[in-house]
1. Looking only at the stretch 1-14, how many residues end up being loosely packed, with under 11 Cβ neighbours inside 10 Å and part of a helix (DSSP H, G or I)?
2. Within the stretch 15-24, is even one residue in contact (Cβ under 8 Å) with a residue 12 or more places away in the chain and part of a loop (DSSP other than H, G, I, E, B)?
3. Take the residues in the stretch 18-43 that are among the aliphatic types (A, V, I, L, M) and under 11 Å from the mean Cα position of the chain (by Cα); name whichever of them is surrounded by the fewest Cβ atoms within 10 Å (Cβ to Cβ).
Amino acid sequence: MGKKRIIPLEIDDHYKLFGKEPWEVDYGEKCPMCNVRIDEYGFCSCGSSGD
């Protein structure tokens, strides 16, 4: 059972951009530069992706 949709699809920008809800994103290890989790697409807060 997933979370209930709060924002209607018509105005849900995150869903339009990524095709999934924010809580459905898979995260891996933390970036050594900014100490934020790297997501399934290889992005983090600083943009270095740990490189």
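1. Count: 4.
2. Looking through the stretch 15-24, at least one residue is in contact (Cβ under 8 Å) with a residue 12 or more places away in the chain and part of a loop (DSSP other than H, G, I, E, B).
3. V25
We did not get these values from a lab; they are worked out from the coordinates using the rules stated. Worth saying up front: this structure is predicted, and the values here are computed from it rather than measured. Because the Cβ atoms are built from the backbone with ideal geometry, glycine has one as well, and the counts that use them run over all protein chains shown.
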